[in-house]
2 protein chains.
Amino acid sequence: MAEFALIESIRSRCAVVRDDVRLGIGDDAALLAVPSGNLLAVSTDTLVCGVHFLADTRPSDIGWKALAVNLSDLAAMGAEPAWATLALTLPSADARWVDEFADGFAQLARKHRVALVGGDTTQGPLSITVTVHGFVPPGAALTRAGAQVGDGVYATGTLGDAAAGLKLFLPPLAGEGAEGGKGQLLVRLHRPIPRIAQGLILRGRATSCIDVSDGLVADLGHICAASGVGAEIDADTLPASPALGAAFAAEDRRAFQLAGGDDYELCFTAPDAIAPTLQRELADSGCAATRIGRVVDGAGVQVRDASGNPLALPHAGWEHFA
Amino acid sequence: MAEFALIESIRSRCAVVRDDVRLGIGDDAALLAVPSGNLLAVSTDTLVCGVHFLADTRPSDIGWKALAVNLSDLAAMGAEPAWATLALTLPSADARWVDEFADGFAQLARKHRVALVGGDTTQGPLSITVTVHGFVPPGAALTRAGAQVGDGVYATGTLGDAAAGLKLFLPPLAGEGAEGGKGQLLVRLHRPIPRIAQGLILRGRATSCIDVSDGLVADLGHICAASGVGAEIDADTLPASPALGAAFAAEDRRAFQLAGGDDYELCFTAPDAIAPTLQRELADSGCAATRIGRVVDGAGVQVRDASGNPLALPHAGWEHFA
């Protein structure tokens, strides 16, 4: 299968029609119209085989996740997704692999009406770089800077599932019970849900926001650094899925929740005056948020047990080259 | 060197201040303002070690070229460059390599006031994906569709130098005389000049345009396919640099000019009524354009000798997975 046929297959599988795409795939560049009164939000993320996913991961899951981790960045800014480019580096022109990959990518793209507007296919070790574009009104964007002492700290959904899923996926547990609860953990690992609707609810209202990709403590630490504040997490309040509770004992569970990456939930801060309204709206959106701590004077993240005593932190979040 | 330090080094070396960057590197996404009355042009290209460049290429040259091949796509659309994202996958956190890479990237970025607004660094086999963003007024963009029967076909600068440089760079010629003319061919290979100013002259006026990245015949073939026309090239009119003429005999030279990729000159079509004006303005810009053929009825590209007889084509342009 030649490069042209690969591109054509991806293009046709990922077709999403948008008026703001004036010229799509097939020329030297796409031509796109940003609606007036909006800023453009742009983010890019790479997935490398053997680093971010294992070689035997289903191609459709890789396609989904390559887009999901990028859309999650837009969600964390409170941006509405619009367009993506896809740079796909493949060891060989495996048409079936590419078709399945494109189907997974397209499944998520259609859900959020994301048009694939350009890309590049090259021969080389398997990796995928996606760049996403979205819209956000000036002043409404959620950044990492803005958390105020006294704000509550919140997390959407549940934490730790993806890291637990990875543990199940890796030897020696691999293959054990993909049914039931364990299957749900694997789905969290392979098919993360970018919290787009929740970011749109929070924008212009939360004081800061980040997506939990590297682990809660590490990512909340980024908010603290950017905002010039500290934060305390109450370990016993961290939201856990029933599947996580069923599959792992308390200590493992807590480590996954505090340091496990890849959940792609939103961690945000908000003043008490608006928090109940935000929590109600988030619950109505199908993804409730839990209060997990508070913003304090100082720097860095502290974790406390039910009695308020500091807990030692599990290993830090994901760091390349560490 | 940890990931954070790598990113900080790249960020500081690539600092370009622009008012339209409302939020740059360091949050979940960049926030950018497209000037009103403009479309956004977006393009992405990947360079893979061992495929698009050799492992012993200077890091600064790789940095320059990774941006240049992308800016060349904006040039071919007649777009004015504004922003770039950089996804850098590295086998190890080699600080010196990264610094030199960033310096080469920044050298070209500063020339065109391109702000680096985001990116990702990951561990894996060396490859670089850049996504560039530029502005173009609606209706003025140069596309591949629009060549009219009777138009002249033109090329900026000179053709074949980069392919000749690659030949010199590869064994058994590697190391021979990087001085003088051969050095100039290597510069064309390693430090291509995106024809941004020339694209801006042509926009709204040329009937079609493409950058010569895969080889003249292949790229002009894309114009023909998109425009529903054919084209004839007069082989003896192809612009050659003195260095190319000095280093290679006529037959090799012609093959490089017709099928060699990586020159990143612009190939465009224009009606005779405006061609002299365009050619004068391009010459004044420091990069003259040569008339190399004409648009004809039919399909595909034919090459003719000085007597008008068809020439057999050299091997086709660059095609991955071919």
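The values are calculated or read from the model by the stated rules, or taken from the named source; none is laboratory data. Since we're looking at a predicted model, the values are computed, not measured. Note that each Cβ is placed from the backbone with ideal geometry, even for glycine, and that neighbours are counted across all protein chains shown.
Only one of A:GLY308, A:GLY260, A:GLY298 is farther than 30 Å from B:THR122 by Cβ and modelled with pLDDT under 95; which?
After ruling out the rest, the residue left standing is A:GLY308.
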Exercise. In the stretch B:93-108, is there at least one residue being farther than 30 Å from A:GLN123 by Cβ and of a type in the set (Phe, Trp, Tyr)?
Worked result: no
Seminar exercise, completed: Of the conditions (1) buried (at least 19 other Cβ atoms within 10 Å of the Cβ); (2) within 17 Å of the chain's Cα centre (by Cα); (3) farther than 25 Å from B:VAL51 by Cβ, the single one that A:ASN70 does not satisfy is (3)
Problem set entry | Hits in the stretch A:86-110 (condition: more than 7 Å from chain B (Cβ to nearest Cβ) and among the aliphatic types (A, V, I, L, M)) | A:LEU86, A:LEU88, A:LEU90, A:ALA95, A:VAL98, A:ALA102, A:ALA106, A:LEU108, A:ALA109
For this session: Of the numbered conditions (1) at the interface with chain B (Cβ under 8 Å from one of its Cβ atoms); (2) on the phi < 0 side of the Ramachandran plot; (3) under 24 Å from the mean Cα position of the chain (by Cα), A:GLU3 fails exactly one; give the number of that condition.
Result: (3)
Exercise. Among (1) modelled with pLDDT under 95; (2) touching a strand residue (DSSP E or B) at 6+ places or on another chain (Cβ under 7 Å); (3) surrounded by fewer than 16 Cβ atoms within 10 Å (Cβ to Cβ), where does B:GLU179 come up short?
Worked result: (2)
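Restricting to the stretch B:240-258, count the residues that are of a type in the set (D, E, K, R) and within 19 Å of the chain's Cα centre (by Cα).
Filtering the stretch B:240-258 for residues of a type in the set (D, E, K, R) gives B:251-254.
If we keep only those that are within 19 Å of the chain's Cα centre (by Cα) as well, we get none.
Summing the residues that are of a type in the set (D, E, K, R) and within 19 Å of the chain's Cα centre (by Cα) in the stretch B:240-258 gives 0.
When you scan the stretch A:124-137, how many residues do you find that are of a type in the set (Gly, Ala, Ser) and assigned to a strand (DSSP E or B)?
Taking the stretch A:124-137 and keeping what is of a type in the set (Gly, Ala, Ser), we get A:124, A:127, A:134.
Filter once more, so that each one left must be assigned to a strand (DSSP E or B): A:127, A:134.
Of the residues in that region, 2 qualify.
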Problem set entry | Qualifying position, being outside any strand (DSSP E or B) and in contact with a helix residue (DSSP H, G or I) (Cβ under 9 Å, 6 or more places away or on another chain), among A:ALA155, A:ALA140, A:ALA145 | A:ALA145
Exercise. Out of the stretch B:93-114, which residues are hydrophobic (A, V, I, L, M, F, W, C), assigned to a loop (DSSP other than H, G, I, E, B) and either touching a Gly at 6+ places or on another chain (Cβ under 9 Å) or within 23 Å of B:MET77 (Cα to Cα) (or both)?
Worked result: B:VAL114
Problem set entry | Qualifying residue in the stretch A:97-110 (condition: surrounded by fewer than 22 Cβ atoms within 10 Å (Cβ to Cβ) and at pLDDT below 95) | no
Exercise. Between residues in the stretch A:193-210 that are touching a residue at least 24 places away in the same chain (Cβ under 8 Å) and assigned by TED's automatic domain parsing to the domain that holds A:CYS224 and residues that are in a loop (DSSP other than H, G, I, E, B) and β-branched (Val, Ile, Thr), which pairs lie under 8 Å by C-beta distance while being six or more apart or on different chains?
Worked result: A:ARG205/A:ILE274; A:SER208/A:THR143; A:CYS209/A:THR143
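Hey, any hits in the stretch A:75-87 for a residue that's closer than 24 Å to B:VAL69 by Cβ, over 26 Å from the mean Cα position of the chain (by Cα) and not assigned by TED's automatic domain parsing to the domain that holds A:LEU202?
Taking every residue of the stretch A:75-87 in turn, none turns out to be closer than 24 Å to B:VAL69 by Cβ, over 26 Å from the mean Cα position of the chain (by Cα) and not assigned by TED's automatic domain parsing to the domain that holds A:LEU202.
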Exercise. What strands (runs of 3 or more DSSP E), lying completely within the stretch A:15-82, carry at least 1 residues that are basic (Lys, Arg) and facing another protein chain (nearest Cβ under 7 Å)?
Worked result: A:21-23
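I'd like the residue in the stretch B:111-120 that is under 30 Å from A:PRO91 (Cβ atoms) and at the interface with another protein chain (Cβ under 7 Å from one of its Cβ atoms) and, out of all such residues, is surrounded by the most Cβ atoms within 10 Å (Cβ to Cβ).
Of the stretch B:111-120, the ones under 30 Å from A:PRO91 (Cβ atoms) are B:116, B:118-120.
Narrowing further to those that are at the interface with another protein chain (Cβ under 7 Å from one of its Cβ atoms): B:118-120.
Working: B:GLY118: 28, B:GLY119: 25, B:ASP120: 24.
Selected residue: B:GLY118.
Does A:VAL117 count as of a type in the set (A, V, I, L, M), over 21 Å from B:THR121 (Cα atoms) and assigned to a helix (DSSP H, G or I)?
On the way: of a type in the set (A, V, I, L, M): yes; over 21 Å from B:THR121 (Cα atoms): yes; assigned to a helix (DSSP H, G or I): no.
No; evaluated as a whole, the condition is false for this residue.
Give me the residue from the stretch A:267-318 that is among the charged types (D, E, K, R) and touching a residue at least 60 places away in the same chain (Cβ under 8 Å) and, out of that set, surrounded by the fewest Cβ atoms within 10 Å (Cβ to Cβ). Before you say what the answer is, go through the steps one by one.
Taking the stretch A:267-318 as the starting set, the residues that turn out to be among the charged types (D, E, K, R) are A:272, A:280-281, A:284, A:291, A:294, A:297, A:304-305.
Adding the requirement that they be touching a residue at least 60 places away in the same chain (Cβ under 8 Å) leaves A:272, A:281, A:291, A:294, A:297, A:304-305.
On the way: A:ASP272: 11, A:GLU281: 15, A:ARG291: 16, A:ARG294: 17, A:ASP297: 9, A:ARG304: 16, A:ASP305: 12.
Across the stretch A:267-318, the extreme among qualifying residues is A:ASP297.
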Seminar exercise, completed: Residue hits (the stretch B:121-169; among the hydroxyl-bearing types (Ser, Thr, Tyr), within 30 Å of B:ALA2 (Cβ to Cβ) and either surrounded by 23 or more Cβ atoms within 10 Å (Cβ to Cβ) or touching a Leu at 6+ places or on another chain (Cβ under 7 Å) (or both)) are B:THR121, B:SER127, B:THR129, B:THR131
Exercise. Taking interchain pairs and intrachain pairs at least six residues apart, which have beta carbon atoms under 8 angstrom, with the first residue in the stretch B:109-128 and over 13 Å from B:ARG13 (Cα atoms) and the second in a loop (DSSP other than H, G, I, E, B) and of a type in the set (Lys, Arg)?
Worked result: B:ARG113/B:ARG18
